[in-house]
Amino acid sequence: MKESIQGTCGLGALVARTKVFLLDMDGTVYVGDRPIGNMAETLAAVRASGRRVVYCTNNSSRSAASYEQKLRALRLFDARDRVFTSGMAAIALLGERYAGKRAYLVGTDALKAEFAAAGVPLAETEEGADVAVLGYDTSLTYEKLVRINRMLVQGKPYIATHADDVCPAEGVYPPDVGSFIQLLKRSSGREPDVICGKPYTVMGQCLTRLLGVPAANVTMVGDRPYTDIRFGNRNGFSTLLVLSGETRAEQVASLPASDAPTAVAASLNEIAAYL
């Protein structure tokens, strides 16, 4: 039974059983380049209580190191913290299912560098590749689309890092991997065999193995019910929906069961009272 914080006991119970907080970033701990409220102090209190912080993002265009750099600049990162991206989940999946196979990766140079550093063999063209991998490529070209489309039509294994339709940004949101997936579906007739990021289970399984903590002691925190909260629910984590980003309070009551959070808070800062 999902708890609610229409009395604060729901949030207190969630915090009490949590050993690891998985945190979405934009809309959850910061908005743009501005931390939400006293976020640095809240996260310091989380760490001081012996709980762990793992930043969990779908954006595969940037490296974990670049996110760490931004979080440090905002005073939101500590040496005990981790960043885990959908690109890292895709690397783990390739190592598990396609070890030694060459991947044709549609992605940024930063993502390609992460794949190479992890030992994933990369092919420069589709002709020498065994697996097609679609990431959030902000340097996307028509040639890349033609190459990966050819692989899909040939029936090669097809992996996507995540399936967000758009990426949060100032002004108009630009197309993200979910939009690329729909384009390729029209041209190849295929959808990905596996999608690694939120709200799917590949990333959750990777994190459970990495952290060595039972799912019952993990809480996913985010501002998007259809990615963050659905991800937590599918993976057996507790879920905390924060109203500091995309979701408004009046929307919570009408959420489908798949997206219903364990608890709701105005912001992550509310957990400080229970640490």
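The values are calculated or read from the model by the stated rules, or taken from the named source; none is laboratory data. Everything numeric here is computed off the predicted structure, so don't read it as measured data. Because the Cβ atoms are built from the backbone with ideal geometry, glycine has one as well, and the counts that use them run over all protein chains shown.
Points to keep in mind about this one:
- For the range 210-219, the count of residues that are in the same structural domain as Thr18 (by TED's automatic domain parsing) and on the phi > 0 side of the Ramachandran plot is nonzero.
- Sole exception among (1) touching a residue at least 12 places away in the same chain (Cβ under 8 Å); (2) among the charged types (D, E, K, R); (3) not in a loop (DSSP other than H, G, I, E, B) for Asp78, by number: (3)
- Scanning the range 245-275 for residues that are among the polar types (S, T, N, Q), at pLDDT below 95 and in contact with a Ser or Thr (Cβ under 7 Å, 6 or more places away or on another chain) yields a total of 0.
- The set of residues from the range 26-75 being part of a helix (DSSP H, G or I) and of a type outside the set (A, V, I, L, M) comprises Glu41, Thr42, Arg47, Ser66, Tyr67, Glu68, Gln69, Lys70, Arg72.
- Residues in the range 110-149 that are in a helix (DSSP H, G or I), buried (at least 16 other Cβ atoms within 10 Å of the Cβ) and of a type outside the set (Asp, Glu): 9 in all.
Yes or no, residue by residue, for (1) more than 21 Å from the chain's Cα centre (by Cα); (2) not polar (S, T, N, Q):
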| site | (1), (2) |
| --- | --- |
| Ala113 | no, yes |
| Gly119 | yes, yes |
| Thr125 | yes, no |
| Val131 | yes, yes |
| Leu134 | no, yes |
| Asp137 | no, yes |
| Glu143 | yes, yes |
| Val146 | yes, yes |
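- Residue within the range 189-200 that is surrounded by fewer than 13 Cβ atoms within 10 Å (Cβ to Cβ) and out of contact with any Phe, Trp or Tyr (no Cβ under 7 Å at 6 or more places or on another chain) present: yes
- Tally of residues being surrounded by fewer than 21 Cβ atoms within 10 Å (Cβ to Cβ) and farther than 16 Å from Ala266 by Cβ across the range 21-33: 3
- Val15 satisfies every condition listed in (1) aliphatic (A, V, I, L, M); (2) crowded, with 21+ Cβ neighbours inside 10 Å; (3) within 20 Å of the chain's Cα centre (by Cα) except (3).
- Flag for Val83 being at pLDDT 95 or above, in contact with a helix residue (DSSP H, G or I) (Cβ under 6 Å, 6 or more places away or on another chain), assigned to a strand (DSSP E or B) and closer than 20 Å to Gly232 by Cβ: yes
- Selection from the range 150-192 of residues that are assigned to a helix (DSSP H, G or I) and in contact with a Ser or Thr (Cβ under 8 Å, 6 or more places away or on another chain): Leu152, Val153, Val177
- Considering residues of the range 248-275 that are of a type in the set (Gly, Ala, Ser), surrounded by fewer than 16 Cβ atoms within 10 Å (Cβ to Cβ) and in a helix (DSSP H, G or I) only, the residue nearest to the chain's Cα centre (by Cα): Ser258
- Test: residue in the range 157-172 that is farther than 25 Å from Val131 by Cα, surrounded by fewer than 18 Cβ atoms within 10 Å (Cβ to Cβ), charged (D, E, K, R) and in contact (Cβ under 8 Å) with a residue 12 or more places away in the chain: yes
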